[in-house]
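Right, one structure below, let's go through it.
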Amino acid sequence: MSENILRVENVTMQFGGVVAVDNLSFEVNDDEIVSIIGPNGAGKTTVFNAITGVYEPTNGRIEYCGKTMLENFPKGKMKKLYKSENQGLYTKTIVKTPDEITKLGIARTFQNIRLFKTMTVFENVLVAKHLRRTSNIFTATFMLNAKEEKKMREECEALLKLVGLEDEKNENATSLPYGKQRKLEIARALATSPKLLLLDEPAAGMNPQETDELTEFIKYVRDTFNVTILMIEHHMNLVMDISDRVYVINFGKLIAEGTPAEVQANPDVIDAYLGGGDEDE
């Protein structure tokens, strides 16, 4: 049986009087590809931001590899403003910064590509490698980290070859075609050696051919790098083709879960997509 790698438990994300994520719970098991779908404005990206430390959850707990990674509860003015469930259930505040969470083994990409625009393809990947470096200002000043730097560069070369970007390594990152920029962003995330990779709408802006190629690439990434994938996506063909399980949220609430076939036939899911909404912030 697959081991649980991520557990989101009763998480609420509230901004003032607006509840963006409402008492949400779900799990991701090791070696799975799990998708979160829902209409625009459902709170999907907010979920990713809570998992990766961009936001502190207003209430609830997030576990990673069986240990509590994040936990919070309403306090201060939020005690009176809080609109969701389970107030009083959680009593600890455990927060981590995005870099601390990345060091634990969770990496992500973004809905809008966020490459370092003035860096080359190779440099974009190398800068992510530095997360795992052991050198410090002293060893760097006296060139005592030469072996480690050489190893990181070799690993970057190998990674770019595996993802098919070795021929573009010296090109400016933003000069790449759109599909390859997406691939580079995933490669940069992989350079941090994650166990769990979060992909926020990786097929956004792609044409059908690029989407088909991305579908195969995501499968390749899971199998080659032995990484579990949690994905937000609107392209249903991609979701249905590669997902082991799917969670559907609407207005921040979980409304359905199951296999792609089960979710696709769920009337609540159909109604949610007919309703629509505004784009995630």
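Here N170 clears all of (1) in a helix (DSSP H, G or I); (2) more than 17 Å from the chain's Cα centre (by Cα) except the condition numbered (1). Check whether at least one residue in the range 213-228 is outside any strand (DSSP E or B), open to solvent by 10 Å² or more (accessible area, probe 1.4 Å) and touching a strand residue (DSSP E or B) at 6+ places or on another chain (Cβ under 6 Å), and report yes or no. Yes, the conditions are met somewhere in the range 213-228. Restricting L160, L198, L238 to those that are touching a helix residue (DSSP H, G or I) at 6+ places or on another chain (Cβ under 6 Å) and assigned to a strand (DSSP E or B) reduces the list to L198.
Would you be able to say whether some residue in the range 119-135 is farther than 30 Å from N59 by Cα, at pLDDT below 95, over 20 Å from the mean Cα position of the chain (by Cα) and open to solvent by less than 50 Å² (accessible area, probe 1.4 Å)? There is at least one residue in the range 119-135 that is farther than 30 Å from N59 by Cα, at pLDDT below 95, over 20 Å from the mean Cα position of the chain (by Cα) and open to solvent by less than 50 Å² (accessible area, probe 1.4 Å). Per this entry, E85 is counted among residues that are of a type in the set (D, E), part of a loop (DSSP other than H, G, I, E, B) and farther than 20 Å from D244 by Cα. Taken over the range 30-62, the residue count meeting the criterion of being within 18 Å of A107 (Cβ to Cβ) and open to solvent by 30 Å² or more (accessible area, probe 1.4 Å) is 4. Just one of (1) assigned to a strand (DSSP E or B); (2) within 19 Å of the chain's Cα centre (by Cα); (3) surrounded by fewer than 18 Cβ atoms within 10 Å (Cβ to Cβ) trips up Y247, so point out which. Against the list (1) assigned to a strand (DSSP E or B); (2) within 19 Å of the chain's Cα centre (by Cα); (3) surrounded by fewer than 18 Cβ atoms within 10 Å (Cβ to Cβ), Y247 comes up short only on (3).
The set of residues in the range 219-265 that are in contact (Cβ under 8 Å) with a residue 24 or more places away in the chain and among the aromatic types (F, W, Y) comprises F225, Y247, F251. Among residues that are at pLDDT below 95, open to solvent by less than 90 Å² (accessible area, probe 1.4 Å) and in a helix (DSSP H, G or I), E148 is included.
Of all residue pairs spaced 6 or more apart or on separate chains, those with beta-carbon atoms under 7 Å, a first member in the range 78-90 that is open to solvent by less than 30 Å² (accessible area, probe 1.4 Å) and modelled with pLDDT of 95 or more and a second member that is of a type in the set (K, R) and not in a loop (DSSP other than H, G, I, E, B) are Y90/R61.
Each row is one residue, and each column tells you yes or no for (1) touching a Lys or Arg at 6+ places or on another chain (Cβ under 7 Å); (2) acidic (D, E); (3) part of a helix (DSSP H, G or I); (4) over 16 Å from V8 (Cα atoms).
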{"residue": "D22", "(1), (2), (3), (4)": "yes, yes, no, no"}
{"residue": "E27", "(1), (2), (3), (4)": "yes, yes, no, no"}
{"residue": "I36", "(1), (2), (3), (4)": "yes, no, no, no"}
{"residue": "V47", "(1), (2), (3), (4)": "no, no, yes, no"}
{"residue": "A50", "(1), (2), (3), (4)": "no, no, yes, no"}
{"residue": "G60", "(1), (2), (3), (4)": "no, no, no, no"}
{"residue": "L70", "(1), (2), (3), (4)": "yes, no, no, no"}
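The values are calculated or read from the model by the stated rules, or taken from the named source; none is laboratory data. For clarity, every value in this text was computed on a predicted model and none was experimentally measured. Note: ideal-geometry Cβ built from the backbone for every residue, glycine included; neighbour counts use all protein chains shown. Surface accessibility is based on the protein's heavy atoms, side chains included, excluding ligands, DNA and RNA. Shrake-Rupley method; radii C 1.70, N 1.55, O 1.52, S 1.80 Å.
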